[in-house]
1. Which is in a loop (DSSP other than H, G, I, E, B) and among the small types (Gly, Ala, Ser), of Ala53, Ala93?
2. Kindly indicate which of Ser68, Ser123 is under 10 Å from Leu213 (Cβ atoms), of a type outside the set (A, V, I, L, M, F, W, C) and either in contact with a Gly (Cβ under 8 Å, 6 or more places away or on another chain) or part of a strand (DSSP E or B) (or both).
3. Kindly indicate whether Ile83 is at pLDDT 90 or above, in contact with a Gly (Cβ under 7 Å, 6 or more places away or on another chain) and of a type in the set (A, V, I, L, M, F, W, C).
4. Identify the single condition in (1) within 14 Å of Gly231 (Cβ to Cβ); (2) at pLDDT below 90 that Gly52 does not satisfy, given that it satisfies every other one.
5. If I ask for residues that are open to solvent by 10 Å² or more (accessible area, probe 1.4 Å) and within 12 Å of the chain's Cα centre (by Cα), which ones from the stretch 63-110 would you list?
6. What is the residue count in the stretch 240-263 for residues that are over 22 Å from Tyr69 (Cα atoms), surrounded by fewer than 20 Cβ atoms within 10 Å (Cβ to Cβ) and touching a residue at least 24 places away in the same chain (Cβ under 8 Å)?
7. Return a yes/no flag: does the stretch 31-38 have any residue that is outside any strand (DSSP E or B), touching a residue at least 12 places away in the same chain (Cβ under 8 Å), out of contact with any Gly (no Cβ under 6 Å at 6 or more places or on another chain) and not small (Gly, Ala, Ser).
8. Scan (1) touching a Lys or Arg at 6+ places or on another chain (Cβ under 8 Å); (2) within 28 Å of Met75 (Cα to Cα) for the single condition Val220 breaks and write down its number.
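The values are calculated or read from the model by the stated rules, or taken from the named source; none is laboratory data. As the structure is a prediction and not an experimental result, all values here were calculated from the model. Don't worry about glycine lacking a Cβ; one is built from the backbone with ideal geometry, like all the others, and counts go over all protein chains shown. The area values use the complete protein model at the heavy-atom level, side chains included, leaving out ligands, DNA and RNA. Shrake-Rupley method; radii C 1.70, N 1.55, O 1.52, S 1.80 Å.
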Amino acid sequence: MTALNIQNAEAISAPSVRTGKVYPPKVDGLRGLFFLGGSINESIANRSPWQGAQPNAIAVGAPAVNASYLTLKNMTNYLQTQIAEVEEMTLIAWHTAEYLNFNAISNTWTTRQGGTGNSYGVSLAVGGGSSPATGKQNRAIAGYKTTEEQTAAGSSLTTSHTAVINGGGAGSYMTHAARFTATEVCHDILTNASGKSTALFGSNIRDKASGLLRIGSSSVGGADDAFNMCGAIIAEGFWSDEDLSDCYAWLSALELDVRGISV
């Protein structure tokens, strides 16, 4: 199935993006679909057609608005979704490709589900190196804990690879994904079709956090650079490599055709 074959019959257009008439090939479990830009009201709208989709996001602070993105910054200007972390998740974000530190989609550092300790939760982020010479890394992060431990603070498992795409040039964008199961954390850079995974080790288990996911911020602390966010997909379930490939084919064609950006 090609990505655009499942579009509604009407032509792809900016208004159709804004009113939710287009959606990715995989819809089941799609809890959130957000196209950022145009206005705050358009950006907070959850475009997912799935009957289990969550309500619209809430804008916190005053994100700057561009036709194709919002400028977000940790703990200052971000979107608060109504979507909770679950056992298996797939997160996809497309945003500026620059040498910055930020959380694209995250609920890190919130209270543990079912316990009193603090958990790292999950995050799709960019960070690491201090300059283009060392390179920022694209990251998928998940909290973990020792089996049955409920009171101690958790730790995090990070899968990261490849310096930021496009050399960090101003005005360039990239798309990447984080996939989580009970035992594995995967990170995929869809822009260049590369991927990497890391398995939990020993007796450790996934440590889910109770905080709702944010777009452009973590719940406490985090990375503080402002960045331009074009959109986000939040789904329950572990999407296959084929699912990701189909989604990216759909997304990259849509964004180039509708908003003229290469992701």
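1. Working: Ala93 fails: in a loop (DSSP other than H, G, I, E, B).
Step by step, each of Ala53, Ala93 is checked, and only Ala53 is in a loop (DSSP other than H, G, I, E, B) and among the small types (Gly, Ala, Ser).
2. Working: Ser68 fails: under 10 Å from Leu213 (Cβ atoms).
Answer to the selection: Ser123.
3. Numbers: at pLDDT 90 or above: yes; in contact with a Gly (Cβ under 7 Å, 6 or more places away or on another chain): yes; of a type in the set (A, V, I, L, M, F, W, C): yes.
Here the answer is yes, as Ile83 does meet what is asked.
4. (1)
5. Asn103
6. The number of residues fulfilling the criteria is 3.
7. Initial filter on the stretch 31-38 (outside any strand (DSSP E or B)): 36-38.
Right, trim to touching a residue at least 12 places away in the same chain (Cβ under 8 Å) and you get 36-38.
Adding the requirement that they be out of contact with any Gly (no Cβ under 6 Å at 6 or more places or on another chain) leaves 37-38.
So of that shortlist, the ones also not small (Gly, Ala, Ser) come out as none.
Within the stretch 31-38, none of the residues are outside any strand (DSSP E or B), touching a residue at least 12 places away in the same chain (Cβ under 8 Å), out of contact with any Gly (no Cβ under 6 Å at 6 or more places or on another chain) and not small (Gly, Ala, Ser).
8. Of everything listed in (1) touching a Lys or Arg at 6+ places or on another chain (Cβ under 8 Å); (2) within 28 Å of Met75 (Cα to Cα), Val220 misses just condition (1).
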